1. Quick one: how many residues across segment 238-263 are open to solvent by less than 20 Å² (accessible area, probe 1.4 Å) and more than 14 Å from the chain's Cα centre (by Cα)?
2. For segment 114-148, which residues satisfy the criterion of being assigned to a helix (DSSP H, G or I) and in contact with a Phe, Trp or Tyr (Cβ under 6 Å, 6 or more places away or on another chain)?
3. Contact list please: Cβ distance under 7 Å, first residue in segment 159-178 and within 19 Å of TRP316 (Cβ to Cβ) and touching a residue at least 40 places away in the same chain (Cβ under 8 Å), second residue open to solvent by 10 Å² or more (accessible area, probe 1.4 Å) and charged (D, E, K, R), pairs at least six apart or on different chains.
4. Name the single residue, out of those in segment 399-426 being closer than 16 Å to GLU354 by Cβ and among the polar types (S, T, N, Q), that is surrounded by the fewest Cβ atoms within 10 Å (Cβ to Cβ).
5. Take GLU341 and tell me if it is at pLDDT 95 or above and either part of a helix (DSSP H, G or I) or in contact with a Pro (Cβ under 8 Å, 6 or more places away or on another chain) (or both).
6. Taking the condition of being open to solvent by 30 Å² or more (accessible area, probe 1.4 Å), of a type in the set (Gly, Ala, Ser) and under 28 Å from VAL203 (Cβ atoms), how many residues in segment 330-370 meet it?
7. Name every residue in segment 18-39 that is farther than 18 Å from THR76 by Cβ, part of a loop (DSSP other than H, G, I, E, B), in contact (Cβ under 8 Å) with a residue 40 or more places away in the chain and not aromatic (Phe, Trp, Tyr), in order of residue number.
8. Looking at segment 215-291, what strands (runs of 3 or more DSSP E) fall wholly within it and have at least 1 residues that are more than 19 Å from ILE429 (Cβ to Cβ) and aromatic (Phe, Trp, Tyr)?
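The values are calculated or read from the model by the stated rules, or taken from the named source; none is laboratory data. The structure presented is a predicted model; accordingly, all values stated were derived computationally and were not measured. Note that each Cβ is placed from the backbone with ideal geometry, even for glycine, and that neighbours are counted across all protein chains shown. These area figures cover heavy atoms from the full protein model, side chains too; ligands, DNA and RNA do not enter into them. Shrake-Rupley method; radii C 1.70, N 1.55, O 1.52, S 1.80 Å.
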Amino acid sequence: MDEQFSIEQPAFDSSRGVAAFGYRLGDLRFVETLTFPAGFDPTVASAPSFSRLLGLTAMVLGVSYFKLKAPLVITTPLALTERERELVLDVYENGLGEFYARNALKRFGRIVLEAGAAADDAVEAPRLVDRVLLPIGGGKDSLVSLQLLEAAGVDLTPFAVNPKGPILGSVDKIGRVPIYVARRLDPEMIRLGKLPGYYNGHVPSTAINSMIAALTALLFSYRRIVLSNERSASEGNVAFDGREANHQHSKSMAFERLIAEALAAATGGALGYFSLLRPYSEARIAALFARQTRFDRVFSSCNENFKLAGHDGPLWCGRCPKCHFVFLILAPVMDKARLIEIFGQNLLDQARHERSFRELTGLAGQKPWECVGEIEEAAACLYTLTSRPEWADAAIVSRLRSDLLAQFGAPRLEAALAELNHDATEHLIPDDIVQRVAPHAL
């Protein structure tokens, strides 16, 4: 393997609001751009904190180009602090964990990052307005964060990168003016990724969008970036190359700590980053979402809606693990007729998808490579439906009931059900936000 991956010095044109990021992979060169909307303060671009974040963003966005060959050496003229180096290596190792596992590539602990050393000196903190930049993904999670923050009277603005279907529909229902950033991937990278001799696969999109959000927060003056990652995101999928590969690594608690510390250090402590939903289980979030019907006709987690080529079909395909999982966790807390109307079909009464539900509940195969909850959480939700008259006779529920009991046992499933409603204490939510939001999450 002779290729090296090189990350060039990025540039920001404050007159046009365009950031450009250059990369080299052997003889190949790529350029990616971010275009920010009008209305930002152009003087921010000259601040040391913005320069630090721009460089760190270049490092993180580079994973999309690195993965074409996944070489062992990464070089850059950028200087990194030890904290930033740790974050970057985490992105290129654990953030690409699924990519490595599915392509049988051993990279954990083997990647060499050749970068200058930056002193971890204090950075002058920019003055940021005390308000929240809230990434909206189009699914239930970010909309629950929105509902909680709105109820608590927190000043917020919806944010998205290259918004599509459910994101646009959700923001329209939110009724607040959003900030959208246009990300243009180099089309040559997309073309090569489809050819023999090049790798393709999952990249840590939350890490990428978080860095874009950080630049946006400085340009438009937001003191906090609030994510909507639940505690189950920390559970991995499979063991590979001596580590646990996790489809959701950049949504995990471990990654949240790394990036929150890096963003704070780069901005003199001015910029906060945390997930509002970190204490909650997926089931708890589903119950909070079910309280309102406001987003029933616009939200979706189905990946069909987020393809580069676009999608003009229904919000829920009904065939993928994402659809199956969301339907499953909403079933115990939502009226049956309402749930079926949202999805356009009863996904628990389709025997042809039994394998998918078995994987979600740990009865077969492995946890799907998707943003789904914990195995035991899904099993507990399905178990509770076995005692609900409106669901007990559904094909999936009746077929899996005996196997669930045989594998987990009723006491363990009952305990899991009870635990789903207990909030975890491990999170990075500031005390003032906890106190304002807590009464609305009861």
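1. Residues of segment 238-263 that are open to solvent by less than 20 Å² (accessible area, probe 1.4 Å), as a first pass: 245-246, 248, 250, 252-253, 255-256, 259-260, 262-263.
Pick out the ones that are also more than 14 Å from the chain's Cα centre (by Cα) and you get 245, 260, 262-263.
Residues flagged as open to solvent by less than 20 Å² (accessible area, probe 1.4 Å) and more than 14 Å from the chain's Cα centre (by Cα) within segment 238-263 amount to 4.
2. Restricting attention to segment 114-148, the residues satisfying the condition of being assigned to a helix (DSSP H, G or I) are 140-148.
Matches in segment 114-148: LYS140, LEU143, VAL144.
3. Hits for this filter: LYS173/ARG294.
4. For segment 399-426, the residue satisfying everything is SER402.
5. Numbers: at pLDDT 95 or above: yes; either part of a helix (DSSP H, G or I) or in contact with a Pro (Cβ under 8 Å, 6 or more places away or on another chain) (or both): yes.
Against the criterion (at pLDDT 95 or above and either part of a helix (DSSP H, G or I) or in contact with a Pro (Cβ under 8 Å, 6 or more places away or on another chain) (or both)), GLU341 qualifies.
6. The total comes to 1.
7. Those that are farther than 18 Å from THR76 by Cβ, part of a loop (DSSP other than H, G, I, E, B), in contact (Cβ under 8 Å) with a residue 40 or more places away in the chain and not aromatic (Phe, Trp, Tyr): PRO37, GLY39.
8. Working: elements: 224-227, 238-240, 243-245, 272-275.
Once the strands (runs of 3 or more DSSP E) in segment 215-291 are filtered for at least 1 residues that are more than 19 Å from ILE429 (Cβ to Cβ) and aromatic (Phe, Trp, Tyr), what remains is 238-240.
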